[in-house]
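Student: Take this structure, written in structure tokens, and hold onto it; I'll ask about it next.
The values are calculated or read from the model by the stated rules, or taken from the named source; none is laboratory data. As the structure is a prediction and not an experimental result, all values here were calculated from the model. Positions of Cβ are backbone-derived with ideal geometry, glycine not excepted, and every protein chain shown enters the neighbour counts. We work out accessible area using only protein heavy atoms, side chains counted, and drop any ligands, DNA or RNA first. Shrake-Rupley method; radii C 1.70, N 1.55, O 1.52, S 1.80 Å.
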Amino acid sequence: MSIIVKFFMAPNDTSASLALHSGPGQAFESLSFGNFDPEEAVLEWECLLAGGSFEELIEADEPRTVAGQDNDGPVVFALSPCLSAALADAEHARLRDVAASWTRLRAQDGEVIGTEIAEAIVGDLAALVSSARRQNQSVYCWAA
């Protein structure tokens, strides 16, 4: 799997959708990662942090696509308000536990994500969400 994943802050869906073709670039504060399915990850993180089931989130059309097609080319999607609140409110130890659980979930599907990498992804994303909330913005993900 070779996927570029960038989580970024934007004031609204319209602004976020501008990142579709070339990514968030310098215009938005962002985090860059790679080689995991970000749509599946945000669903798993929401289940781990806020409860609920993966199937319920899928039925609710989460994550909400802002621009692009899910299965053909780049896509921009929004982190749900529930996940954003859970990430922003979680203590460091809770984020570490979520990262460890996510690592185990991925391993069950044959995907290897190191614990330190998972902790960095979840922790850095939580910090980005907290910053976005202070600035009255939302967090989006661009994947290509």
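Student: Condition first: open to solvent by less than 30 Å² (accessible area, probe 1.4 Å) and within 13 Å of the chain's Cα centre (by Cα). Now tell me which residues in the stretch 50-70 satisfy that.
Tutor: Pro63
Student: Quick one: how many residues across the stretch 6-23 are crowded, with 19+ Cβ neighbours inside 10 Å and part of a helix (DSSP H, G or I)?
Tutor: So the answer is 1.
Student: Look at Ser53 and say whether it is farther than 28 Å from Gly110 by Cα and among the small types (Gly, Ala, Ser).
Tutor: For Ser53, the condition - farther than 28 Å from Gly110 by Cα and among the small types (Gly, Ala, Ser) - is not met.
Student: Say we look at the stretch 24-43 and pick out the residues that are of a type outside the set (A, V, I, L, M, F, W, C) and more than 10 Å from the chain's Cα centre (by Cα); which of these is least open to solvent (accessible area, probe 1.4 Å)?
Tutor: Among them, the one singled out is Pro24.
Student: Considering only residues that are part of a helix (DSSP H, G or I) and small (Gly, Ala, Ser), look in the stretch 75-105 and name the one that is least open to solvent (accessible area, probe 1.4 Å).
Tutor: If we take residues in the stretch 75-105 being part of a helix (DSSP H, G or I) and small (Gly, Ala, Ser), then Ala99 is least open to solvent (accessible area, probe 1.4 Å).
Student: Please specify each residue of the stretch 106-129 satisfying the condition of being open to solvent by 30 Å² or more (accessible area, probe 1.4 Å) and either among the hydrophobic types (A, V, I, L, M, F, W, C) or under 15 Å from the mean Cα position of the chain (by Cα) (or both).
Tutor: Ala107, Val112, Ile117, Glu119, Ala120, Asp124, Ala127, listed by residue number.
Student: Which members of the stretch 45-74 meet the condition of being touching a residue at least 40 places away in the same chain (Cβ under 8 Å) and either in contact with a strand residue (DSSP E or B) (Cβ under 6 Å, 6 or more places away or on another chain) or assigned to a helix (DSSP H, G or I) (or both)?
Tutor: Trp45, Glu46, Leu48, Leu49, Pro63, Val66, Ala67, Gly68, Pro74
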